[in-house]
1. Within the range A:122-147, restricting attention to residues that are touching a helix residue (DSSP H, G or I) at 6+ places or on another chain (Cβ under 6 Å) and within 13 Å of another protein chain (Cβ to nearest Cβ), which residue is farthest from A:T95 (Cα to Cα)?
2. Does any residue of the range A:32-39 turn out to be within 14 Å of chain B (Cβ to nearest Cβ), surrounded by 15 or more Cβ atoms within 10 Å (Cβ to Cβ), near ligand 1 (Cβ under 10 Å from one of its atoms) and not aromatic (F, W, Y)?
3. Hey, among the residues in the range A:40-54 that are assigned to a loop (DSSP other than H, G, I, E, B) and either among the charged types (D, E, K, R) or out of contact with any Lys or Arg (no Cβ under 8 Å at 6 or more places or on another chain) (or both), which one's farthest from ligand 1 (Cβ to nearest atom)?
4. Please enumerate the residues belonging to the range A:64-73 that are at pLDDT 90 or above and either farther than 22 Å from A:V193 by Cα or within 14 Å of chain B (Cβ to nearest Cβ) (or both).
5. Is at least one residue of the range B:219-233 within 14 Å of chain A (Cβ to nearest Cβ) and surrounded by fewer than 17 Cβ atoms within 10 Å (Cβ to Cβ)?
6. Only one of (1) outside any helix (DSSP H, G or I); (2) on the phi < 0 side of the Ramachandran plot fails for B:I228. Which number is that?
7. Tell me, yes or no, whether the range A:74-87 has at least one residue that is more than 12 Å from every other protein chain (Cβ to nearest Cβ) and not charged (D, E, K, R).
8. Of all residues in the range B:189-215, count the ones that are within 14 Å of chain A (Cβ to nearest Cβ) and either surrounded by fewer than 18 Cβ atoms within 10 Å (Cβ to Cβ) or within 14 Å of B:R18 (Cα to Cα) (or both).
Amino acid sequence: MIYFKNVSKIYEPQSIGVRDIHLQIESGEFVSIVGQSGSGKTTLVKLMIAEERPSKGIVKVSGWDIASIPKKSVSVLRRQIGVIFQDFKLLHNKTLFENVAFALEVCGVGNERINEIVPQVLQIVGLEGKRDRYPHQVSGGEQQRAVIARSLVHRPKILVADEPTGNLDAINTHEIIEILKKINEFGTTVVLVTHNKEVVNSLRRRVVTLEHGTVVSDQEGGKYVL
Amino acid sequence: MFVILTRTVQFALKNFYRNLGLSLTTIFILVLTIVSVNTVFSVSALAQTALKVVESRIDISLLFKIDVPEDKILAFKKTLEGQREVAGVDYLTRDQVLEQFKEKHKNNPDIIASLNELKENPLGASLVVRAETTKDYDKVLSSIEGSEFDSMIEKKTFDDHAAIIKRIGFLTNRTKQTAITVSIILTIIAFLIIFNTIRVNVYTHREEVRVMKLVGAGNWFVRGPFWIETILYSFSAVVLTVIIWYIGLRFIDPYIAQFFSGTGFSLTGYFNANFWTIFGGEFLAVAILNVIATSLALYKYLRV
Ligand SMILES: Nc1ncnc2c1ncn2[C@@H]1O[C@H](COP(=O)(O)OP(=O)(O)OP(=O)(O)O)[C@@H](O)[C@H]1O
Ligand SMILES: [Mg+2]
């Protein structure tokens, strides 16, 4: 499903994103990626969604070779990957419903399908009662849930979440993680980048630890070991 | 497909309203540019008509001696009409020539008085020769001089209005040059303004664009609205210019009709006759200008 072989990403000669990464993630897995700031976690995520191309090595995501993926196929790939980024916010001038619908609109999905899918995904994240509120009218945790709902509209095979609980308190963090677990149970591969020790330890799933751009540990049922 | 089109148009319209001030500025400067280009066209059309009017007044007038019989003159008329360079020949009888002469000098009582003193008509018959083009007059003149009829001619008058033609040409060139310079400057300004408008639009939509890219929107959805918007600018600018221009013509045309009385020329008529060529061409030119500026702005600020 996701396959890194001997991958390096060098932004500039002095600025190295990741180095010599070997990593394989199978369909249906729930993988946490941990590591200190600047260790290359976001770089890894950007390589998965073809926002960055590898400087060296092979990256394959659901069959696509990221090093040579044509521009046109990038949008096809991204419909198969749900993305949650810290800087990937809701649009403030649209309601939660409209925000989620927007992701379908710009992919040319018809209005009927939109009215069918959006309530479904809003229900998955428990926001069906707040669909007509604007982002500033809901809490940070609810905003993040709406972001997750938006990432689900194409029924992605992979969900990549880069610090989805970054600014949230323990209760909201817990709720978000429960939603991610639920999505994983539906069969979606989940890649979770996080700083949160409790989250990783309570998950008891595979943990990949990065340090200075390389994988220093990769354990099934792992713990946060920094 | 239909969904994609209607949505892109919707997004484009939203863009338009979101930066309304900027959109209007862009259209305003485009209108100015088109108006100044129209001025170039108008000056050309006016100059051409003026030249035609002057040229139509060029002719060779041959005044025959009093005793030349009419049939000889008519025979001469026939030979002249047979020449390739001659466009037409009018025959004026002695009485008609006298009429014209009186008409021409009706404000000069001395001449009229002395004419009335004479019992006989002192003027001969006349032929008025018009050549095909202004350049042909020399040929026609020399052929007359070389012919057997030359001895029957009392007086040849040929006024080529060279001074006036030169003056019209000079004025036209000067006005045209100014208008063209202004048009070029405005075009450059318009280009920069469009570029900036699209740049600002991309900037105001950076969040939407980021969302679109990350959720896998096709390239058309990301760029389409900017393209449609730019075409919208071109179209509104041309339509607005048409309206403004025709209102302006209503005020100008009476003066022009007066100046060119008798020719039936009017700027409104000119623009009506060439409506699609002029305004269609201008729309095309403005659209191309817009598309180039937009491509540059998108290339620079909307890396996908
Ligand atoms: N666009 C870029 N240009 C140059 N260097 C970059 C760029 N993006 C990241 N880097 C560098 O690559 C390294 C890894 O960055 P990355 O963002 O992947 O770290 P991270 O593990 O996500 O950190 P954080 O936990 O703070 O989000 C850092 O040293 C960073 O400075
Ligand atoms: Mg990061």
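1. Result: A:A146.
2. So far as the range A:32-39 goes, no, none of its residues is within 14 Å of chain B (Cβ to nearest Cβ), surrounded by 15 or more Cβ atoms within 10 Å (Cβ to Cβ), near ligand 1 (Cβ under 10 Å from one of its atoms) and not aromatic (F, W, Y).
3. So the residue we want is A:R53.
4. Within the range A:64-73, A:W64, A:D65, A:A67, A:S68, A:I69, A:P70, A:S73 qualify.
5. Yes, there is a match, as at least one residue in the range B:219-233 is within 14 Å of chain A (Cβ to nearest Cβ) and surrounded by fewer than 17 Cβ atoms within 10 Å (Cβ to Cβ).
6. Condition not satisfied by B:I228: (1).
7. yes
8. Number of matching residues: 6.
The values are calculated or read from the model by the stated rules, or taken from the named source; none is laboratory data. Computed from a predicted model, the values in this text were never measured in an experiment. Positions of Cβ are generated from backbone atoms using ideal geometry, with glycine treated the same way; all protein chains shown enter the neighbour counts. To get the accessible areas, we keep the full protein, side chains included, count just its heavy atoms, and leave off ligands, DNA and RNA. Shrake-Rupley method; radii C 1.70, N 1.55, O 1.52, S 1.80 Å.
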